[in-house]
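The values are calculated or read from the model by the stated rules, or taken from the named source; none is laboratory data. Small disclaimer: the values here were computed from a predicted structure and weren't measured. Quick reminder, even Gly has a Cβ in these numbers, built from the backbone with ideal geometry, and neighbours come from all protein chains shown.
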Amino acid sequence: MEGRQRKHCHCGKLCRVQTSWTDSNPGRRFLVCPLFLMILWCYGEGARGCCFFEWFDPEMCSRSKDIIPGLLKNRGKLEQDLAQLRSREKLLWGFLFLSWIMLISMMVGGLRDNHH
Ligand SMILES: [Zn+2]
């Protein structure tokens, strides 16, 4: 970022650098008006600033466009797998606990039978 000339928007303010996370431009930075709120577009209540918009990073090559959304999806899948593993582990502990209870009740029952 340093060394590169930061642009000014139509209000004359120094532009803010934002990072895009859309599928078509993942991780690509762009410049917007510092007063402009991303959620409230150029119209609507509370919208301030101008609609200045310019890409800060050069356009991505098609390869990184293909790869980065995949990486983001993979991360989501990994988290899903982890959650699945955790619930499986819980189930396993449940089984272990149950088998212990059964073993203990069998032992207690066996001792009782020996007394008779
Ligand atoms: Zn502006």
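Please state which one of GLY44, GLY49, GLY76, GLY70 is over 27 Å from the mean Cα position of the chain (by Cα), surrounded by fewer than 14 Cβ atoms within 10 Å (Cβ to Cβ) and either at pLDDT below 80 or more than 14 Å from the ligand (Cβ to nearest atom) (or both).
On the way: GLY49 fails: surrounded by fewer than 14 Cβ atoms within 10 Å (Cβ to Cβ); GLY76 fails: over 27 Å from the mean Cα position of the chain (by Cα); GLY70 fails: over 27 Å from the mean Cα position of the chain (by Cα).
So the residue among GLY44, GLY49, GLY76, GLY70 that is over 27 Å from the mean Cα position of the chain (by Cα), surrounded by fewer than 14 Cβ atoms within 10 Å (Cβ to Cβ) and either at pLDDT below 80 or more than 14 Å from the ligand (Cβ to nearest atom) (or both) is GLY44.
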Exercise. Mind checking which residues of region 28-41 are modelled with pLDDT of 65 or more and either loosely packed, with under 13 Cβ neighbours inside 10 Å or in the same structural domain as ILE67 (by TED's automatic domain parsing) (or both)?
Worked result: none
